[in-house]
Amino acid sequence: EIDRLANTNVVLEMERGGEIEIRLLARYAPNNAARFERLAKSGYFDGLTFHRVATNFVIQGGSPAANEFAGDANYTRDELGLVSHWRGTVGTSTRGRDTGDGQIFINLIDNLRLDHNYGVFGEIVKGMDTVDQVAEGDVITRARVK
């Protein structure tokens with residue numbers, strides 16, 4: 001399963017145009033990579049927004065309530081410290097240890113201070129220019145697995 005996930009990409013199609021393609025880093029964060037793929041396949045992200053844009057830091061999305069407090073019902077355990085938070089890496093948003101709820105963030109800059117506090121489960125392989133254009137409230141039209 002980890003080998004299959006390691007060869008899996010998820011593409012976020014954005015309403016304002018452009019796509020963000022994320023390669024899953026399943027060897028380093030298998031539980032969070034698997035969850036992201038499962039949610040993408042189920043249509044969970046379709047119509048959700050990037051509700052937080054912190055300039056020179058991160059963009060965050062994946063909340064049905066468009067806030068930091070509501071996500072998919074079950075929490076996942078943290079998978080910390082195996083991949084650094086370089087520009088273009090994708091991490092699991094949490095509100096404390098082991099509280100990942102399906103929300104994601106994308107690092108806009110190198111955020112090494114996040115290492116060992118938040119896990120990285122993916123990296124942008126295409127569409128970083130689209131990431132850089134995301135504004136608060138931008139809609140993910142569809143997430144598709146390829």
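Is the stretch 1-70 rounded, prolate or oblate when judged by the Cα gyration tensor, a ≥ b ≥ c being the square roots of its eigenvalues, rounded requiring a/c under 1.5 and prolate requiring a/b larger than b/c? Here the stretch 1-70 falls in the prolate category.
For the stretch 1-77, a crude dipole built from +1 on the beta carbon of Lys and Arg and -1 on the beta carbon of Asp and Glu, taken about the Cα centre, is about 240 debye to the nearest 20.
Remark: relative contact order (the stretch 45-130) = 30 percent; criterion is Cα-Cα distance under 8 angstrom and separation of 6 or more residues.
Net charge dipole, the stretch 23-146: roughly 380 debye, given to the nearest 20, about the Cα centre with Cβ charges of +1 for Lys and Arg and -1 for Asp and Glu.
Rounded to the nearest whole Hz, the Karplus-based 3J(HN,Hα) values (6.51 cos²θ - 1.76 cosθ + 1.60, θ = phi - 60°) of the stretch 77-82 follow the sequence 6, 5, 10, 9, x, 8, with x at glycine and proline.
For the stretch 1-77, averaging the sequence separation of C-alpha pairs within contact (under 8 Å, six or more residues apart) and dividing by the residue count gives a relative contact order of 19 percent.
Of all stretches in the chain that contain no GluC sites (Glu not before Pro) in a DSSP loop with at most 14 other Cβ atoms within 10 Å, the longest one is 16-135. Contact order for the chain, expressed relative to its length and based on alpha carbon pairs under 8 Å spaced 6+ residues apart, stands at 35 percent.
Between Gln103, Val58, Gly137, the Cα set farthest toward the positive side of the dipole of the chain (charges on each charged residue's Cβ, about the Cα centre) is that of Gln103. Taking the charge dipole of the chain about its Cα centre, with +1 at Lys and Arg Cβ atoms and -1 at Asp and Glu Cβ atoms, the residue from Val83, Met128, Ala26 reaching farthest to the positive side is Ala26. Please give the Cα centre distance for the stretch 78-96 versus the stretch 16-72, rounded to the nearest Å. If we compute the Cα centre of each part, the gap is 12 Å.
Every number in this text was worked out from the coordinates using simple rules, so none of it is lab data. All values reported here derive from a predicted model rather than from experimental measurement. Heads up, the Cβs are rebuilt from the backbone with ideal geometry, glycines too, and the neighbour counts pull from every protein chain shown.
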